[in-house]
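Asker: Below: one structure in C-alpha cells.
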C-alpha cells in the first residue's frame, strides 16, 4: 500500500471513529484522552498495547485536562498504573480543551478532503560557493538573531498556553517563571542543580505568602503551598527586584522596587507580606479610568481572611491598600 493510500485509510478510520463517538452523550477522561491523543478506542487496544504504553502516551493530555480543571489530580496505584478520575463530560467539552493542547493534532470528522498530494523528488543540491569571513560572520549573526526570535516566540506561545489555566501549582509557577520552559519538559537528572536557580523566586513567594515553605532535596525543589491564579503569581513575580519582563504583549506593569542595596526582608511580618501581596494582586492591573477593573472591598477582605486576617483587620487592610486615585464608595450601576 502506498503512503498516500495509508494516509487516506487512516483519515477515513478516524472519521468513522469520531462519527461514532460524537453520538455518545458523555466521555470519561481516559476514553477522551485515548480517543484524542491516540485516535483509537480502548476496545481497539486490547492485544495491541499494554496499559503502561497507553499511560505513557496519554499522560501529557491528561495533565492538560487537569490544568484546565476538567479532572482532578492524577495518581498511580500500587502497580504503578495511572489512576484517572472517572469524570464524564460531553464530547464538546473535551474537544474544546484539546484544541488548546500544544501538541494537538488536526481532528478528522465530518467531510474529509480528498488526498491527492504526491511526493516529488528533491532537486540536486547546488554547489556551495566560496565565501569570505565577513559573509560567514554576517550569516552567523543573522542565525543568532533568528534563533533568539524563535525562542521569544516559543516563550510567548508557552505563556499564552499557561495563562489560560485557572490555577498554577506552586512548583510549576516557580519553574515556569524562572526558566521560561514548560515544567513537564524538566530534566529529572538535573533537578537538584536546576533547583538552585529557583531558590530566589521561591523565597520571594514565601515572603509574600503565596507558598508556605520549600526545601531542596536530592530529587529537586519541594514546595508546600496552595494553588493560585496565574494573575496572582505574575503580580507577585513583578514585585521581585530585577524581574525580567514576561514574553507577551499585555504584560502586567512592573511594580516599584526598592533601590539596590536596601532590600532587607527580615523585618517584614507575615501580615505585612500579605498586605503587600494583596495590593499587588488586586490593584497592580487596575485601570484608574475604568472602575469596572477596581476590586470590591468584600473580595479583598475575603482574600485576607483566608490568610489568617481577622475581619476587622482585613477591613482596615482593604482600605489601606486602596490607591489614592481610586474613588471610594459603591460602583455605579451599569
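Asker: Any residue that is without any contact (Cβ under 8 Å) to a residue 40 or more places away in the chain, surrounded by fewer than 17 Cβ atoms within 10 Å (Cβ to Cβ), within 26 Å of the chain's Cα centre (by Cα) and assigned to a helix (DSSP H, G or I) - is there at least one of those in the range 5-26? Please lay out each step first, then the result.
Answerer: From the range 5-26, those without any contact (Cβ under 8 Å) to a residue 40 or more places away in the chain are 5-6, 9-10, 13, 16-17, 20, 23; that's our starting set.
Subsequent filtering for residues that are surrounded by fewer than 17 Cβ atoms within 10 Å (Cβ to Cβ) retains 5-6, 9-10, 13, 16, 20, 23.
If we keep only those that are within 26 Å of the chain's Cα centre (by Cα) as well, we get none.
Among the residues of the range 5-26, not one is without any contact (Cβ under 8 Å) to a residue 40 or more places away in the chain, surrounded by fewer than 17 Cβ atoms within 10 Å (Cβ to Cβ), within 26 Å of the chain's Cα centre (by Cα) and assigned to a helix (DSSP H, G or I), which makes the answer no.
Asker: So, in the range 216-226, exactly how many residues are within 15 Å of residue 167 (Cα to Cα) and surrounded by 15 or more Cβ atoms within 10 Å (Cβ to Cβ)?
Answerer: 1
Asker: Right, here's the next one. For residue 80, indicate whether it is modelled with pLDDT under 80 and at positive phi.
Answerer: Working: modelled with pLDDT under 80: yes; at positive phi: yes.
Criteria met by residue 80.
Asker: What helices (runs of 4 or more DSSP H), lying completely within the range 230-334, carry at least 2 residues that are modelled with pLDDT of 85 or more and surrounded by fewer than 19 Cβ atoms within 10 Å (Cβ to Cβ)? Reasoning before the result, please.
Answerer: On the way: elements: 230-237, 270-283, 297-305, 311-320.
In the range 230-334, the matching helices (runs of 4 or more DSSP H) lie at 230-237, 297-305, 311-320.
Asker: Has the range 168-175 got any residue that is more than 10 Å from the chain's Cα centre (by Cα), modelled with pLDDT under 75 and closer than 23 Å to residue 71 by Cβ? I'd like the intermediate steps shown before the answer.
Answerer: At the first step, the residues of the range 168-175 found to be more than 10 Å from the chain's Cα centre (by Cα) are 170-171, 174-175.
Of the ones still in play, those that are also modelled with pLDDT under 75 are none.
No, that holds for no residue.
Asker: Taking the criterion of being part of a loop (DSSP other than H, G, I, E, B), at pLDDT 85 or above and either assigned by TED's automatic domain parsing to the domain that holds residue 227 or under 17 Å from residue 165 (Cβ atoms) (or both), would at least one residue in the range 56-68 satisfy it? Working first, answer last.
Answerer: Step one: of the range 56-68, the residues part of a loop (DSSP other than H, G, I, E, B) are 68.
Applying the additional criterion that residues be at pLDDT 85 or above yields 68.
With either assigned by TED's automatic domain parsing to the domain that holds residue 227 or under 17 Å from residue 165 (Cβ atoms) (or both) added as a condition, the list becomes 68.
Looking for residues that are part of a loop (DSSP other than H, G, I, E, B), at pLDDT 85 or above and either assigned by TED's automatic domain parsing to the domain that holds residue 227 or under 17 Å from residue 165 (Cβ atoms) (or both), one finds at least one in the range 56-68, hence yes.
Asker: Has the range 75-82 got at least one residue that is surrounded by fewer than 18 Cβ atoms within 10 Å (Cβ to Cβ) and either in the same structural domain as residue 161 (by TED's automatic domain parsing) or within 30 Å of residue 7 (Cβ to Cβ) (or both)?
Answerer: no
The values are calculated or read from the model by the stated rules, or taken from the named source; none is laboratory data. All values derive from a computational prediction rather than experimental measurement. Here the Cβ is made from the backbone with ideal geometry for all residues, glycine too, and neighbour counts use every protein chain on show.
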